[in-house]
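Structure, as structure tokens:
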Amino acid sequence: MINIFVLFLISSLTGNLPAFKVGSSDFAYIGLEYRIQVDLRGNPPEDISVKTSYGNVYRRDDSTFVLSPMEGFNEVKVKLYCKRLICDMKTVEIKKIPEPRLVLRGETDGRISRAALAGEAKLYFEYPETLPEEMKSRVYSFNLMLRDPSGIPLFSGQMRGDKLDKAALDALAKAPKGVVLVLNNITTITPGNALTRQSTTREIVITD
């Protein structure tokens, strides 16, 4: 109660105290940096500090701090200080990075038509809405194999980008009904241009 009263009194006499910026995420992912943005509101950066209920916090710049979440905790309390006074506090939920779902646009329950494949079909990863955009990757390349209903390979090739190339579409036009697309050896690229090989494999049946 004393701290709250002192905080109110100082705020009344000296103007606005710093606070966490509105709109920042309340989710942090294990193994990835969680940025804590501070609205200084005219206060000297050297008076500002951030502390958490566990883990280490590092200052990135005058108004940005970084926390690296660790396993073993479901949430972390983050407190903002101006000198020795608590100015703001928030609870951040700790999550594991979700496994994205590989999707071929135009498919329905693992089935797709030739017309859809020749049109706007492209390969992409479906991420949870809560995942920040800078953590979402797009398909850079993938391997495609066409397999007939009896299991015999008809075509195999490395696709550059997220769509089937002309050679794959030509092979598909000659393939029998019920041919299976096998998609694997997928390489993704992040917004920062980092490439990663994914272990995901999908099989999709051509319906016509």
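Values quoted throughout were computed directly from the atomic coordinates according to the rules given, and no laboratory measurement underlies them. Small disclaimer: the values here were computed from a predicted structure and weren't measured. Positions of Cβ are backbone-derived with ideal geometry, glycine not excepted, and every protein chain shown enters the neighbour counts.
Compute the separation of the alpha-carbon centres of region 60-91 and region 191-208 and state it in Å as a whole number.
Between the Cα centre of region 60-91 and that of region 191-208, the gap is 37 Å.
Using a/c under 1.5 as the rounded threshold, could you call region 101-206 rounded, prolate or oblate? The axes a ≥ b ≥ c are square roots of the C-alpha gyration tensor eigenvalues, and prolate needs a/b larger than b/c, oblate otherwise.
It comes out prolate by the Cα gyration axes.
If you build the convex hull over the alpha carbons only and average its shadow over all orientations, what do you get for the chain? Give it in nm² to one decimal.
Computing the convex hull of the Cα atoms and averaging its projections yields 15.4 nm².
Roughly what angle does helix 2-14 make with the longest principal axis of the chain, taking Cα atoms, 0 to 90 degrees, to the nearest 10?
90 degrees
What distance in nm separates the simple spin-label points at GLN158 and ILE189, each placed 7 Å from Cα in the Cβ direction?
About 1.4 nm separates the two model spin labels.
If the label point is 7 Å along Cα→Cβ of THR91, which residues in region 26-51 have backbone nitrogen under 15 Å from it?
Residues 26-28 fall inside that zone.
PRE reach from GLU75 (point 7 Å along Cα→Cβ): which of region 86-111 fall under 13 Å by backbone N?
90-95
I'd like to know how region 20-103 sits against the 2.2 N^0.38 Å rule of thumb: what's its Cα Rg over that expected value?
Ratio of Rg to 2.2 N^0.38 Å for region 20-103: 1.16.
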